[in-house]
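This report concerns only the one structure given below.
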Amino acid sequence: MAEIKEFVVNDRRKFTPEGDARPDAPPSEPKAPRPETLQPVAPPPDQYNSSAKLNGPQAVPDRLAEPTAEAEANPELPAPPTDEQTNQAKAAYDATVDRLDTAIRASNPNMERMPEMTFDRLIQSVYMQAILQLGGGAEPGQTPQIDLLGARQSIDMLAVLADKTKGNLSTQEDQLLQSALFEARMGFLEMTQLLARQAASKQGPPPPPSGPSIVR
């Protein structure tokens, strides 16, 4: 018959049935602090404010050590590209455009090369877009397709260009921009008035605007 060894039962309960703490209860093991109770460790005083003391790639750039007013006003604004990145992107873009033009001319020998983009062409493009959105591109006898919200946005784009380029344009550029903005606004007013009269009298669709007069 196997020998039965004696064993001892230890009562590890910390409280008595009445809820009182037992004097012979084993001490509680300390628990790890919860993550939200941990206090951040402050960096050394001069770690980020004395970039001149650091050498090599560990140096903190000035624009990170002292955020600009624009970055503080727009905390989610991404960092601008470096000059090297900008030059590389432009070189790659120009090379791709040149290859595309070469391929297009090879398949269409009589096709002229696309003209270079200028400020005048930019204004004319946005202006023409507004006129088309006001129904100016409709053929005679066709119902014009009117996009008032799109036309409003295009006109507002011209207004932004006029505001941001004020004092930085030649006399010819300024006259072109002011004329485009004036005529686009007048076309918008004409179309909204026609639509209002149409809704009041329940007549047919309004005629398209007279068309652009400043695009050369």
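The values are calculated or read from the model by the stated rules, or taken from the named source; none is laboratory data. Computed from a predicted structure; not experimentally measured. Cβ coordinates were reconstructed from backbone atoms using ideal geometry, including for glycine residues, and neighbour counts include every protein chain displayed. Ligands, DNA and RNA are excluded from the accessible area calculation, which covers all protein heavy atoms including side chains. Shrake-Rupley method; radii C 1.70, N 1.55, O 1.52, S 1.80 Å.
Quick one: is residue 134 touching a residue at least 40 places away in the same chain (Cβ under 8 Å), of a type outside the set (Ser, Thr, Tyr) and surrounded by 13 or more Cβ atoms within 10 Å (Cβ to Cβ)?
For residue 134, the condition - touching a residue at least 40 places away in the same chain (Cβ under 8 Å), of a type outside the set (Ser, Thr, Tyr) and surrounded by 13 or more Cβ atoms within 10 Å (Cβ to Cβ) - is met.
Determine, yes or no, whether residue 174 is at pLDDT below 95, out of contact with any helix residue (DSSP H, G or I) (no Cβ under 6 Å at 6 or more places or on another chain), among the acidic types (Asp, Glu) and surrounded by 13 or more Cβ atoms within 10 Å (Cβ to Cβ).
When the stated conditions are applied, residue 174 does not pass them.
From 141, 167, which residue is part of a loop (DSSP other than H, G, I, E, B) and either within 27 Å of residue 120 (Cβ to Cβ) or touching a strand residue (DSSP E or B) at 6+ places or on another chain (Cβ under 6 Å) (or both)?
Testing whether each residue is part of a loop (DSSP other than H, G, I, E, B) and either within 27 Å of residue 120 (Cβ to Cβ) or touching a strand residue (DSSP E or B) at 6+ places or on another chain (Cβ under 6 Å) (or both) leaves just 167.
If residue 125 passes every condition in (1) in contact with a helix residue (DSSP H, G or I) (Cβ under 9 Å, 6 or more places away or on another chain); (2) in a helix (DSSP H, G or I); (3) open to solvent by 30 Å² or more (accessible area, probe 1.4 Å) but one, which one does it miss?
(1)
Filtering region 66-84 down to residues that are part of a helix (DSSP H, G or I) and open to solvent by less than 100 Å² (accessible area, probe 1.4 Å), which residue is modelled with the lowest pLDDT?
Per the stated criteria, the residue is 71.
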